[in-house]
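Worksheet: one structure, shown below.
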Amino acid sequence: MANTASARKRIRQNERRRERNVSRMSRVRTFVKKVETAILSGDKNAANDALRAAQPEMQRAVGKGVLAANTVSRKLSRLSARIKALASA
């Protein structure tokens with residue numbers, strides 16, 4: 001267990017940060033799930049709207065250090081490719 005005041009403070013700070021990060025990741029997953037369901041329903045306009053709403057949330061996670069930039073880039077690229085494929089299908 002932490003013996004110094006600074007170590008106890010660090011534990012408190014880490015716990016608060018962890019809770020915020022868990023919340024942010026949950027929000028990102030929720031937005032991505034909305035895009036996924038719109039894609040599965042086959043509605044291209046709804047999928048586009050959902051992606052437009054998800055993008056800032058995912059980028060915010062990058063800015064806060066919750067997700068890596070390349071990870072979000074890859075996910076956005078794959079989602080947009082799947083939406084684009086809806087038009088030709």
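Hey, rough spin-label estimate for Ala53 and Glu36, points 7 angstrom out along Cα→Cβ, what's it come to in nanometres?
Placing both labels 7 Å along Cα→Cβ, they lie 1.7 nm apart.
Give me the one-decimal nm value for the distance between modelled label points at Ala2 and Val62, 7 Å along each residue's Cα-to-Cβ direction.
Each label point lies 7 Å from its Cα, and together they span 3.2 nm.
Could you count how many Lys pairs in the chain have their Cα atoms under 30 Å apart, skipping same-chain pairs fewer than 8 positions apart?
For the chain, qualifying lysine pairs total 14.
At 0.890 mPa s and 25 °C, plugging the Kirkwood radius over alpha-carbon pairs of the chain into Stokes-Einstein gives what diffusion coefficient in µm²/s?
Details: Rh = 14.7 Å.
Estimated diffusion coefficient is 167 µm²/s.
Since every read-out is calculated from the coordinates, none of them should be taken as a lab result. These numbers were taken from a predicted model, which means no experiment stands behind them. Reconstructed Cβ throughout: ideal geometry from the backbone, glycine too, with neighbour counts over all protein chains shown.
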